[in-house]
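Below is one structure; the comments refer to it alone.
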Amino acid sequence: MSVVGIHSPKFPNEAARASVEQAVLRHGIRHPVVNDHDRALWDQYAIRAWPTLVVLDPTGRIAWQRSGEVSLETLRAVVEALLEES
């Protein structure tokens, strides 16, 4: 399993690489974060709100998607169920 964060900026200053790098360091994020500065991934996955979590299966298919805050317990249950399917 891999975790990749996708940052899609709300405001122009949030699109700058340095801003994203500073936020990653400030929040202690250890997984890779992609700067989706032109919102290409945002559009590809039809994202409409911040935050949105998307879980992909091994083939790249959207297995689960939710807008808004998601608890760790909910996300853990989703991942565990997907692992059981494979």
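Within segment 28-39, being open to solvent by less than 60 Å² (accessible area, probe 1.4 Å) and over 30 Å from residue 85 (Cα atoms) holds for 28, 35, 36.
Note on segment 3-18: residues that are touching a strand residue (DSSP E or B) at 6+ places or on another chain (Cβ under 9 Å) and either small (Gly, Ala, Ser) or closer than 19 Å to residue 49 by Cα (or both) total 9.
For every residue, the table says whether it meets (1) in contact with a Cys (Cβ under 6 Å, 6 or more places away or on another chain); (2) open to solvent by 40 Å² or more (accessible area, probe 1.4 Å); (3) not in a helix (DSSP H, G or I).
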| residue | (1), (2), (3) |
| --- | --- |
| 47 | no, no, yes |
| 53 | no, yes, yes |
| 64 | no, no, yes |
| 75 | no, yes, no |
| 80 | no, yes, no |
| 84 | no, yes, no |
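Quick check on my filter: what residues within segment 6-27 are out of contact with any helix residue (DSSP H, G or I) (no Cβ under 8 Å at 6 or more places or on another chain) and open to solvent by 50 Å² or more (accessible area, probe 1.4 Å)? Scanning segment 6-27 gives 10, 11, 12, 17, 18, 21, 22, 25, 26, 27.
Out of 68, 60, 28, 5, one residue alone is in contact (Cβ under 8 Å) with a residue 12 or more places away in the chain and on the phi > 0 side of the Ramachandran plot. It is 68.
The values are calculated or read from the model by the stated rules, or taken from the named source; none is laboratory data. What you see is a predicted model, and the numbers here were worked out from it, not measured in a lab. FYI the Cβ positions are ideal-geometry reconstructions off the backbone, even for glycines, and counts take in every protein chain you see. Remember, those area values only see protein heavy atoms, side chains included, never the ligands or the DNA or RNA. Shrake-Rupley method; radii C 1.70, N 1.55, O 1.52, S 1.80 Å.
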